[in-house]
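Below you'll find the structure, written out as structure tokens, and then a few comments.
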Amino acid sequence: MPISGFRSLLWWSKWSKKDWAIAVICFAFIFFVFSFFSDSWHAEDSGINHTFDLNPANDPDLVDLTLLQNAKAKGALCLDGSLPGYHFQKGFGSGSSNWVLHIEGGGWCDTVSSCSLRKMTPLGSSDYMERRVLFSGILSSDASQNPDFYNWNKIKIRYCDGASFAGHPVGETKNGNILHFRGQLIWEALMDELLSVGLSKARQALLSGCSAGGLATLIHCDDFRELLPKDATVKCLADAGFFLDEKDVSGNHTMRSFYHHVFNLQVVLCSSFVLIYTFSDWMVQNLVIFFEKNLVDLFGVLLFYSL
């Protein structure tokens, strides 16, 4: 081969750094495309059907936040005065008349300072809540992961009052800080809305909650039962929501003291206990609603605990 012909094969040797960079990128792209279609062909030959959806917005278990529009008129507000909310995924098929409600956990606030800090978080204000959340576990719509409830109407109740949906609006201005202790009113407004969108016709219903949400489940379990049809099957599940009135390692009743501050600050009141105790001693007696061992014998609904 003539020397001039050989040199023509080495035209790439005169490339600039920019030319090399472009060539590398093009080669990488061609290799990626070839690999992708090669895998797809192999999958088809193997009888495997893959569906690729790279857009997380299309995930059926990503559920939008719904704010309680009737809440303001009823005085049902989060700690900061914003509207409370929930996430609702409609049931289908055999589960279209069944409901599972899950109350979010997140502890409590027992002082003005802790509640003031809390109102600047998703646990005290809907302004900070995620607009979409992923339903998983007991709220998943995947039958293989959640065979019992996958096609039920599913509700995630957002927690923003700091007292397990049991506070009442008394003395809400503390040292110049405006805090809305409206947990009980939030619960009532939420139930009104859910009853209007189908809960009132439930055939089966499960009220569940985790931690502080588990305590809220117990506090409102009997009330939940009374709101639903008499022939409906209603059960309650407290997940990690059983708190003991026992001394800690230092010999102090820390939890009792903490809960005492919570119900004093937020005027926690459980309607079923108002019927049992006289008004003169309610400040002492209502503390028992935070310790489930004092509640279980009083319920008419089947309770489950997960520790």
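The values are calculated or read from the model by the stated rules, or taken from the named source; none is laboratory data. This is a predicted model, so every value here is computed, not measured. Cβ sites come from the backbone with ideal geometry, for glycine too, and all protein chains shown count toward neighbours.
Residues in the stretch 102-123 that are under 17 Å from the mean Cα position of the chain (by Cα) and outside any loop (DSSP other than H, G, I, E, B): HIS102, ILE103, ARG118. Can we say GLY91 is in contact (Cβ under 8 Å) with a residue 60 or more places away in the chain, in a loop (DSSP other than H, G, I, E, B) and closer than 27 Å to PHE243 by Cβ? Considered against the rule, which asks whether it is in contact (Cβ under 8 Å) with a residue 60 or more places away in the chain, in a loop (DSSP other than H, G, I, E, B) and closer than 27 Å to PHE243 by Cβ, GLY91 comes out as no. Scanning the stretch 60-80 for residues that are surrounded by 13 or more Cβ atoms within 10 Å (Cβ to Cβ) and within 17 Å of the chain's Cα centre (by Cα) yields ASP61, LEU62, VAL63, LEU65, THR66, LEU67, LEU68, CYS78.
Can you confirm whether LEU68 is in contact with a Pro (Cβ under 6 Å, 6 or more places away or on another chain) and not acidic (Asp, Glu)?
yes
Residues of the stretch 190-202 that are in contact with a strand residue (DSSP E or B) (Cβ under 6 Å, 6 or more places away or on another chain) and assigned to a loop (DSSP other than H, G, I, E, B): ALA202 alone. Any chance the stretch 213-232 includes a residue that's assigned to a strand (DSSP E or B), touching a Leu at 6+ places or on another chain (Cβ under 9 Å) and crowded, with 16+ Cβ neighbours inside 10 Å? Taking every residue of the stretch 213-232 in turn, none turns out to be assigned to a strand (DSSP E or B), touching a Leu at 6+ places or on another chain (Cβ under 9 Å) and crowded, with 16+ Cβ neighbours inside 10 Å.
Condition check for LYS156 on (1) within 26 Å of ALA232 (Cα to Cα); (2) in contact with an Asp or Glu (Cβ under 7 Å, 6 or more places away or on another chain); (3) surrounded by fewer than 18 Cβ atoms within 10 Å (Cβ to Cβ): one failure, at (3). Of all residues in the stretch 182-210, those being buried (at least 21 other Cβ atoms within 10 Å of the Cβ) and either among the polar types (S, T, N, Q) or outside the structural domain of CYS78 (by TED's automatic domain parsing) (or both) number 2.
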